[in-house]
Amino acid sequence: RAAVHRAFDEVAAKYGRLDVTFANAGIDPGPGFITFDRKTRAADAAIEHYTDERWDHVIDTNLNSVFTTIKAAAKHMKPRKSGRIIVTTSVAAFVIEGAIGAAYMAAKAAAAHLMRNAALELAKYNILVNAIAPGPFITNIGGGHVHTKEVQEGFSKVVPLHRMASTEEMKGLALLLASPASSYITGSQIVIDGGMQVG
């Protein structure tokens, strides 16, 4: 946390201002209680075997880091009465998915509530706080298992666009939320999932 605050202080000192912050941290070290093929239960991911260390690590990275980032950004944005804060949540904040780790879903849902609370509090200072909720993107989360053909084929069956997304496809939404074009958007969690939730 101290390192995050130092980084924000250094950037603000160097440039004289802080315009945009993107809290984009996320890990999921291990599967949920059921495999992606829905055929096998993962015994070590069952709630009674879910280790405290795994839980704490995911909550610290996926939730506490968002709190620390918003806190550090607000300190520099409030005096100028201007700023944009973007948080990466997940469609896991809306939908329970047995193949995803329990701590990941809990942290992303909590991050969504934290974002809305910050949006309400910081609106007085013209600081807009929003979230991007990605669906199936090809990243290295969870040890990079989404790079496998089997996982990508599995998602292609449930996503109306019949594929997973590349991280490049998140840039447009992030730029929108960082730009003047989003001047009346705050407290929103925008889903980008290829239509998975409506399919």
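The values are calculated or read from the model by the stated rules, or taken from the named source; none is laboratory data. It should be emphasised that the depicted structure is a prediction, and the values quoted were computed from it without experimental measurement. For neighbour counting, all protein chains shown are included, and Cβ atoms are generated from backbone atoms with ideal geometry for every residue, glycine included. Surface areas here come from the heavy atoms of the whole protein model, side chains and all, with no ligands, DNA or RNA. Shrake-Rupley method; radii C 1.70, N 1.55, O 1.52, S 1.80 Å.
Beta carbons closer than 6 Å, at least 6 apart along the sequence or on distinct chains, pair a first residue in region 115-141 that is in contact (Cβ under 8 Å) with a residue 12 or more places away in the chain and outside any helix (DSSP H, G or I) with a second that is open to solvent by 50 Å² or more (accessible area, probe 1.4 Å) and of a type in the set (K, R) for N126/K81. May I ask you to list the residues in region 159-177 that are touching a residue at least 40 places away in the same chain (Cβ under 8 Å) and out of contact with any Asp or Glu (no Cβ under 8 Å at 6 or more places or on another chain)? Answer for region 159-177, where residues must be touching a residue at least 40 places away in the same chain (Cβ under 8 Å) and out of contact with any Asp or Glu (no Cβ under 8 Å at 6 or more places or on another chain): L173, A174, L177. Of the residues making up region 148-174, those that are farther than 14 Å from T88 by Cβ and in a helix (DSSP H, G or I) are K149, E150, V151, Q152, E153, G154, F155, S156, K157, V158, E168, G172. Of everything in region 189-199 that is part of a loop (DSSP other than H, G, I, E, B) and in contact (Cβ under 8 Å) with a residue 60 or more places away in the chain, the residue that is surrounded by the most Cβ atoms within 10 Å (Cβ to Cβ) is D193. The number of residues in region 46-74 that are under 24 Å from D9 (Cβ atoms), hydroxyl-bearing (S, T, Y) and without any contact (Cβ under 8 Å) to a residue 60 or more places away in the chain comes to 1.
Has region 89-103 got at least one residue that is among the hydroxyl-bearing types (S, T, Y) and surrounded by fewer than 18 Cβ atoms within 10 Å (Cβ to Cβ)? No, region 89-103 contains no residue that is among the hydroxyl-bearing types (S, T, Y) and surrounded by fewer than 18 Cβ atoms within 10 Å (Cβ to Cβ). Here is the figure for region 10-35: residues that are open to solvent by less than 60 Å² (accessible area, probe 1.4 Å) and of a type in the set (D, E) total 1. Here H49 passes the criteria (1) modelled with pLDDT of 95 or more; (2) loosely packed, with under 14 Cβ neighbours inside 10 Å except the one numbered (1).
Within region 2-19, residues that are among the aromatic types (F, W, Y) reach partners that are open to solvent by 60 Å² or more (accessible area, probe 1.4 Å) with beta carbons closer than 9 Å, at six or more positions or on different chains, in the pairs F8/K75.
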